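Each remark here refers to the structure printed beneath this line.
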Amino acid sequence: MPDQTFTVRTHEGEYDIAANIRLIGPDVLVAIWGGEKPHIGAVAMAQPRPSLMDPDVTSATASVFTYVGHKEDDLAKATAEILAATLNTNVVVTAGIHWDNLPKEGIQRIIHNSETLVAIILEKIVSME
């Protein structure tokens, strides 16, 4: 993969999030942000490995660091593992999204939007190969 940088966004209408992606040789660096106060709340590093259930399937393992009081660890970890396993490369993801007074439905919407965002990232990277 050539060194490239691009930005993608969800367009779901509410609780949209964005990501800046940098391809560094074969590796991928992703910064996800959104909301009223974007920041860095968590960082995940993932690397591909053979699945423990089926060595013929590529999976990934990740390590996560989260700042105290932040809840982006699940988002960063899931994104890093999906990208690492699918692309078979090392991946680092930072994530920081925040909306004040977020209702429970908003959290569900953000989860949906994060899944959409990962699909958009994968589609863009695969189209560049």
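Loop-located GluC sites (Glu not before Pro) in the stretch 9-111 (DSSP state not H, G, I, E or B) with no more than 14 neighbouring Cβ atoms inside 10 Å: E12, E14, E36. Shown in residue order for the stretch 56-72 are the 3J(HN,Hα) couplings computed by the Karplus curve 6.51 cos²θ - 1.76 cosθ + 1.60 at θ = phi - 60°: 7, 9, 8, 10, 8, 10, 9, 10, 10, 10, 10, 5, 4, x, 9, 10, 8 Hz (x for Gly and Pro). Ranked for footprinting exposure by Cβ neighbours inside 10 Å, fewest first, V30, V64 give V64, V30.
Highest GNM mean-square fluctuation, the chain, Cα pairs closer than 10 Å: which of K71, K37, K104? Among K71, K37, K104, the largest mean-square fluctuation in the Gaussian network model of the chain belongs to K104. Quick check: the angle from helix 104-128's long axis to the longest principal axis of the chain, C-alpha only, nearest 10 degrees? That helix lies at roughly 30 degrees to the long axis. Close amide H contacts of H98 (hydrogens built in the peptide plane, cut-off under 5 Å, sequence separation of 5 or more or a different chain): G34, G35, E36, K37.
Here the contact order of the chain, divided by its residue count and restricted to Cα pairs under 8 Å and six or more residues apart, works out to 28 percent.
Under a 10 Å cutoff between Cα atoms, tell me which one of I24, I32, I110 has the largest fluctuation in the Gaussian network model of the chain. So, out of I24, I32, I110, the one fluctuating most is I24. Under 20 Å of direct C-alpha separation, and excluding same-chain neighbours fewer than eight residues apart, K71 reaches these aspartates and glutamates: E14, D16, E36, E81, D100, E105, E115.
Around the Cα centre of the stretch 4-128, unit charges on the Cβ atoms of Lys, Arg, Asp and Glu (plus for the first two, minus for the last two) sum to a dipole of about 260 debye.
The order of M45, M53, M128, going from fewest to most other C-beta atoms within 10 Å of their C-beta, is M53, M128, M45. Sort out for me the Cα centre separation of the stretch 1-54 from the stretch 82-129, rounded to whole Å. Going from one Cα centre to the other spans 6 Å.
The numbers here are math on the coordinates, done by the rules we state, and not lab data. Since this is a predicted model, take the numbers as computed values, not measurements. Here Cβ is always computed from backbone atoms with ideal geometry, including for glycine, and neighbour counts include all displayed protein chains.
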